[in-house]
1. In region 276-287, which residues are part of a loop (DSSP other than H, G, I, E, B) and in contact (Cβ under 8 Å) with a residue 24 or more places away in the chain?
2. Got a sec? Which of L237, L263 is part of a helix (DSSP H, G or I), open to solvent by less than 70 Å² (accessible area, probe 1.4 Å) and over 16 Å from K155 (Cα atoms)?
3. Under 19 Å from V158 (Cα atoms), among the basic types (K, R) and crowded, with 19+ Cβ neighbours inside 10 Å: does that describe R100?
4. Restricting attention to region 61-78, which residues are in contact (Cβ under 8 Å) with a residue 12 or more places away in the chain and either in contact with a helix residue (DSSP H, G or I) (Cβ under 9 Å, 6 or more places away or on another chain) or among the aliphatic types (A, V, I, L, M) (or both)?
5. If I filter region 94-131 down to residues being touching a helix residue (DSSP H, G or I) at 6+ places or on another chain (Cβ under 9 Å) and hydroxyl-bearing (S, T, Y), which single residue comes out as nearest to T30 (Cα to Cα)?
6. Take region 243-257 and flag every residue that is assigned to a strand (DSSP E or B) and open to solvent by 10 Å² or more (accessible area, probe 1.4 Å).
7. Looking at V290 and the list (1) without any contact (Cβ under 8 Å) to a residue 40 or more places away in the chain; (2) touching a Cys at 6+ places or on another chain (Cβ under 7 Å), which single condition is not satisfied?
8. Out of region 156-202, which residues are open to solvent by 60 Å² or more (accessible area, probe 1.4 Å) and within 23 Å of M1 (Cα to Cα)?
Amino acid sequence: MQDPTVTIYIPFKDTAHFLPECLDSILKQTYPNWEILAVNDHSSDHSLELLNSYAQRDSRIKVFNNSGKGIIPALQTAYAQSTGDLVTRMDSDDIMKPHRLEVMVRSLLESGKGHVAVGQVRYFSERGISNGYERYETWLNQLTATGANYSEIYKECVIPSPCWMVYREDFETCGAFHPHRYPEDYDLTFRFYENNLKIIPCHEVLHLWRDYDTRTSRTHEHYAQNYFLDIKLHYFLKLDYRPNRPLVIWGAGFKGKTIAKTLLEQSIDFTWLCDNPKKTGKKIYGKDLVHFMALKELKHPQSIVTVANEEAQQEITAYFSNMGLHPMEDYYFFC
């Protein structure tokens, strides 16, 4: 396949202030064989007029109105019009580096089907980037540099929503945008993982990720912590949980309690570990909290760790290692 067409899906809503930079960055791509399918999600500013003006100047840009409401219906609307051999997403407030499409297309052509092309990302903001986003960027790029993204998939979303590319056939195998589960980018990442699509390592920054206070991922309820937990537990139980092994939950904070409550509702038995002396020996939801030393009494356990403190995570990892337990097989960090 030479010079395959790349379909770029762009849902947009009230991002007129940022759209010119976004669209201009695509027009400047060194790889020219692309189409933009932009879907207006009921914008109240002049985003639609702006997109239409670009579409009038370049036939590769096509604009539609969302047949539903929200990002997933917008993506579904775009996908129904898609013709590209390769598919990718773009956020309407971000910027592509000039060689992004070329690097990703080349990676996929060299690696073949069954792969995901990704790129490193860099956050930018008029007010500066917080320490939390800086750490997330560093963590994500370190994974991408070696293609080890799935190794920490239960911590956070390990494939940035606007910086991946796959063969259309693989995308369809993974369910495309059909599932209606938020956060949609995290759900798609798990479906890539479920279908064994291999990550192609990348050492280059290909995408500039804009941060600002009214960004959808900061303001919409679909990106609240409980939605992320629901997805993590859903796919853990579907893909990695082994019912013949004792299940263990570490931690009794918000995440630990949320997971424990869901497991109890599904009648899934587990041991609940805690090293907080104020909680150990007590019951929550009728379930005993026991000291972490109880792990040694269990035969071949699987652990979900909800402890967020980095120092504590290092201690827990060392504890697992001393027991001969392995990540993504015997234990999974959910934070």
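The values are calculated or read from the model by the stated rules, or taken from the named source; none is laboratory data. All of these numbers come straight from a predicted model, not from anything done at the bench. Cβ sites come from the backbone with ideal geometry, for glycine too, and all protein chains shown count toward neighbours. Note: areas computed on protein heavy atoms with side chains; ligands, DNA, RNA excluded. Shrake-Rupley method; radii C 1.70, N 1.55, O 1.52, S 1.80 Å.
1. Taking region 276-287 and keeping what is part of a loop (DSSP other than H, G, I, E, B), we get 276-282, 285-286.
Answer for region 276-287, where residues must be part of a loop (DSSP other than H, G, I, E, B) and in contact (Cβ under 8 Å) with a residue 24 or more places away in the chain: N276, K279, Y285.
2. Checking each option against the conditions leaves just L263.
3. When the stated conditions are applied, R100 passes them.
4. Hits for region 61-78 are I61, K62, V63, F64, N65, N66, G70, I71, I72, A74, L75, A78.
5. So, considering only residues that are touching a helix residue (DSSP H, G or I) at 6+ places or on another chain (Cβ under 9 Å) and hydroxyl-bearing (S, T, Y), the one nearest to T30 (Cα to Cα) is Y123.
6. W250
7. For V290, the exception is condition (2).
8. Hits for region 156-202 are R168, E169, E172, T173, N196, K198, P201.
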